[in-house]
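None of the figures in this text is laboratory data; all of them are computed from the coordinates on show. No experiment lies behind these values; they were computed from the predicted model shown. Every residue, glycine among them, receives a Cβ derived from its backbone with ideal geometry; neighbour counts consider all protein chains shown.
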There are 2 protein chains.
Amino acid sequence: MLTYKQALDKVFDQISLLPKLEEQVNLLDSVGRVLAEDVISDVNLPPFDNSSMDGYVIKYNPDIRAWNVIGELSAGNYQEFEVDYNKTVSIMTGAKLPKGADTVIPVENCIISGNKITVSENYALKRGKNARLLGEDIKNNSVAISRGTLIKSSNISLAAACGKSFLSVFAKLKIGVFATGDELVSIDTVPVNDQIRSSNLSTLTAMVNEMNMEPVVFGFIKDKLELIESKISQALSTDIDILITSGGVSVGKFDFMQEALINMGADILFWKVNIKPGKPFLFSTFKIGSKIIPIFSLPGNPLSCFVNFQLFVKQALLMHYGIKSTNHFTAKLKSSAQKGDNKLHFTMAESSFDIEHGYFEVDSAGSQSSGSMSTMSKSDCMYLFPEELTMLSKGDWVECIRI
Amino acid sequence: MLTYKQALDKVFDQISLLPKLEEQVNLLDSVGRVLAEDVISDVNLPPFDNSSMDGYVIKYNPDIRAWNVIGELSAGNYQEFEVDYNKTVSIMTGAKLPKGADTVIPVENCIISGNKITVSENYALKRGKNARLLGEDIKNNSVAISRGTLIKSSNISLAAACGKSFLSVFAKLKIGVFATGDELVSIDTVPVNDQIRSSNLSTLTAMVNEMNMEPVVFGFIKDKLELIESKISQALSTDIDILITSGGVSVGKFDFMQEALINMGADILFWKVNIKPGKPFLFSTFKIGSKIIPIFSLPGNPLSCFVNFQLFVKQALLMHYGIKSTNHFTAKLKSSAQKGDNKLHFTMAESSFDIEHGYFEVDSAGSQSSGSMSTMSKSDCMYLFPEELTMLSKGDWVECIRI
């Protein structure tokens, strides 16, 4: 059976073949998207030497500590002045420095007397202090923000200053999702007898949204071979880039997903990974002309379905876009744990940061039964319980993946 | 001058008075929102005893290791069977347990011979194994997800299983934003002479969006007292809950924000905080009948404006909704740092997690000049350089706030 690493490599081999199309979005719609262009500044930043303080602007000379005020400058109201050793101009934050000037004395360090100012005795003059120089932040025509950056609000000022009302970002992949199960009813139905509400479809859709991709929801169907084939066919006839299915991948008599995929002409790349939960994960691809659609067939158990998405779909997409994953960390285990198999376990867990010691602590969030939606709901991460171990002790360091 | 903590307390005093209105949103639109109701389950979860494996379901008896197969059960296809010590039913994952049954043997541990099965010699039978019991995850009528939870995709399965197609969440606050500055031109204009592009307006809007609040953008205006008064008046005549302004709060001759606010009848709660950047932050409120609108007047320098939003607007809103802030952490400093004042500095920084040692490292992201948008763009956090210190050494532990 494949290890997690081997399986992820095989998934990534296919995901990495997906085209990275680009689209223009409004600057404000770019947050959360991946930049598909280098943002090049069309100006120097700052565009001119300017003052970072309200004060008086001078031509630095260590021996001069008094000046005549010859004028006033504020941001956006430039006038021509020439500052010499004994002359100064009153200047506001952001205003362009006048000719000859290189240094600003903050107003609170000046003694003002009519048209003359003197600098306070204890103030140390320093050439260039409180002056921001043309291009010191970003040079004209240089790369301000690199292609591949995951855009956050902290990138927006710089993009705006570079004149970008629109940014080129990678287009959202269209990700089809459907679920199978004779027992499934819709959320707004009260289940009777041995029915349960379909929950994976909503969770998969939410996770696709969280990745800033575009979900295409094909609903849920019964566990009948011909229905599954027909649903796969319907999904593959659209312009989706990836298909995710839930259910029908275990070894039960009504697990038709693999048979349906084979009948439809999909290439089965692997079935089963040595992990828990989510062992029955089935990965295949479907070729339509030169287009290859990766198909993730996940188990129907809510926890297995969720964990498989996190481990395979999400990780492979982060790798595809070259996003440095910040969701891996190590933590100190708060309770011991045992297992009786040689699978790699992903334990749904709650982490907290110990501010005093500077490390994360982590603890199981409850029952790891693959149906335990309350555990999933309480979790903020999964910790890894390695294949070869059967015991973890309180205080052990474990690898974690934030969800 | 107020400390950061004192200023934040004063801000929170006002923010905590804002009404927490509720609205119903579609389950999938709830991700990123704060739950305004306790989600109560209208069913037991699971709704019936069921199998967590594909296998054979038995009535546990430590001495019996062979059974006659009397039928077959799959999820959603319940039929009446009664299992006794020598009888078993073939059962699929998720199927309801038949009468009398309590334990499931996985199919891979069974030796099947016609209508009889025997359990493998090395398999340890255990009562209740692979059976999920009615209500073991969530009891009918109990709280499944608590009011105040920040909804993530990991909460969706449970909400769906509880029958919630819609969730009640706290309504988005409407947050007005405008900027002032004679030097400002729009992003799509090429600035000439001493003009610069307006970038704070976009960044503030992006940060409001990131908080899942509703921005109301009032544009930018010149630094003229009457224009600022008129813009404040325009903003306050709408149904905004909070107003954020940028620019005009320093000690320069054209810093009219405070004067305008006083003229309009706002109550100035404080001006200036002992921090860097963002010292000139001005906080006021405006009463309209029983409604009190908090007004955050931030400096026009991009870094100051950004940091003030993170420190005051964002933190106060997280506190208002009772969201346990997960954006505080401690990290080991990668380079020494010095400062010459007694302000609390928030240094824009880049952090990384050292997987091997289990801690964060952090380093300044570049020039901390309040105009340095490239530093802001590279940062993922701010580290705190305390008031009383003038020196931090490489390897020191520092507090950090993720941005």
How many partner chain Cβ atoms sit within 10 Å of a residue's Cβ in peptide A:135-141, on average, as a whole number? 3
Shortest first and in nm, the label-point separations between B:Asn193 and its counterparts in the other identical copies (7 Å out along Cα→Cβ) come to 8.2
Does segment B:319-403 come out rounded, prolate or oblate, given a ≥ b ≥ c as the square roots of the eigenvalues of its C-alpha gyration tensor, rounded meaning a/c under 1.5 and, failing that, prolate meaning a/b above b/c? rounded
Cα-Cα over 23 Å, subset of A:Lys164/B:Lys152; A:Lys99/B:Lys276; A:Lys334/B:Lys334; A:Lys10/A:Lys314; B:Lys59/B:Lys139; A:Lys276/A:Lys394: A:Lys164/B:Lys152; A:Lys99/B:Lys276; A:Lys334/B:Lys334; B:Lys59/B:Lys139
Sorted from fewest to most neighbouring beta carbons within 10 Å, what does the list A:Lys99, A:Lys378 look like? A:Lys99, A:Lys378
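When DSSP assigns beta bridges and you keep just the ones with both residues in chain B, what percent turn out antiparallel, to the nearest 5?
Percent antiparallel among DSSP bridges in chain B is about 70.
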Net charge of neighbours whose Cβ lies under 9 Å from the Cβ of B:Asp363, counting Lys and Arg as +1 and Asp and Glu as -1: -1
Separation between the B:Asn263 and A:Glu387 pseudo-spin-labels, each 7 Å from Cα along Cα→Cβ, expressed in nm? 7.4 nm
May I ask you to list the GluC sites (Glu not before Pro) in segment B:92-141 that are in a DSSP loop and have at most 12 other Cβ atoms within 10 Å of their Cβ? B:Glu121
State the Cα centre-to-centre distance between segment A:8-82 and segment B:41-70 in whole Å. 65 Å
Where a ≥ b ≥ c are root eigenvalues of the Cα gyration tensor, a/c under 1.5 meaning rounded, otherwise prolate if a/b exceeds b/c and oblate otherwise, segment A:214-336 counts as oblate
If you take every residue apart from A:Val251 with its C-beta less than 11 Å away from the C-beta of A:Val251, what net charge results, scoring Lys and Arg +1 and Asp and Glu -1? 0
Looking along the axis that carries chain B onto chain A, the residue of B whose Cβ comes nearest, with distance in whole Å, is B:Tyr359, 3
With label points built 7 Å along Cα→Cβ from the Cα atoms of A:Glu80 and B:Ser230, find their separation and express it in nm. 3.3 nm
At 7 Å out from Cα toward Cβ: A:Met319 inter-copy label distances (nm, ascending): 4.4
Cut-off 9 Å between beta-carbons: net charge of the residues surrounding B:Asn44, Lys and Arg +1, Asp and Glu -1: -1
Proxy reagent accessibility, fewest Cβ within 10 Å first, across A:Ser374, B:Ser230: B:Ser230, A:Ser374
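Take the Cβ-Cβ distance between B:Asp102 and A:Asn193 as r, set R0 to 25 Å, and report the resulting FRET efficiency rounded to the nearest 0.05.
Values: r = 20 Å, r/R0 = 0.79.
Efficiency, rounded to the nearest 0.05: 0.80.
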Please go through segment A:254-332 and write out the trypsin sites (Lys or Arg not before Pro) that DSSP classes as loop and that have at most 13 other C-beta atoms within 10 Å. A:Lys324
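With each run of n ≥ 4 DSSP H residues scored as -39500 (n - 2.57), what mean residue ellipticity at 222 nm is computed for chain A after dividing by its residue count and rounding to the nearest 500 deg cm²/dmol?
Mean residue ellipticity at 222 nm (helix-derived): -4500 deg cm²/dmol.
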In terms of the Cα gyration tensor, with a ≥ b ≥ c the square roots of its eigenvalues, is segment A:196-286 rounded because a/c is under 1.5, prolate because a/b exceeds b/c, or oblate? rounded
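If you take every DSSP beta bridge fully contained in the protein assembly as shown, what fraction is antiparallel? Give it as a percent rounded to 5.
The answer is about 70 percent antiparallel.
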Dividing the alpha-carbon radius of gyration of segment A:50-132 by 2.2 N^0.38 Å, where N counts its residues, gives 0.93
Footprinting proxy, B:Val313, A:Val57: sorted fewest to most Cβ within 10 Å, the residues are B:Val313, A:Val57
For B:Gly71, go 7 angstrom from Cα along the Cα-to-Cβ vector, then report the distances to that same point in the other copies in nm, smallest first. 9.8
Rounded to the nearest 0.05, what FRET efficiency do A:Lys20 and B:Ile111 have when you use their Cβ-Cβ distance and R0 = 45 Å? 0.30
